[in-house]
Amino acid sequence: MAYKQELWNEAKKKCRIGEEEIRMAKEIGLNPKSLIKNIPSKSEMWKAPVKDLKTIVPMLAQTAAVCYIY
């Protein structure tokens, strides 16, 4: 499902992320609403910040590659 650019812009602003993180989120199938929903609050210290997608995406790709081999 394609989401309007204004929703992505809102997620970009609220999550304090750049175009690269938006591109990665689209590649792994996230939507702007899920990005906004996953902004950690002070009581949710276990949640990784949305801007940490740069470290999460390579791990997902590696996991997918390993799962595909087996």
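Using a 10 Å cut-off around each Cβ, can you sort I22, I28, I36 from fewest to most neighbouring Cβ atoms? Sorted ascending by nearby Cβ count, the order is I28, I36, I22.
Against the empirical 2.2 N^0.38 Å (N residues), region 11-51 has a Cα radius of gyration ratio of 1.11.
Read-outs: derived from the displayed coordinates by stated rules, not from any lab. These numbers were taken from a predicted model, which means no experiment stands behind them. FYI the Cβ positions are ideal-geometry reconstructions off the backbone, even for glycines, and counts take in every protein chain you see.
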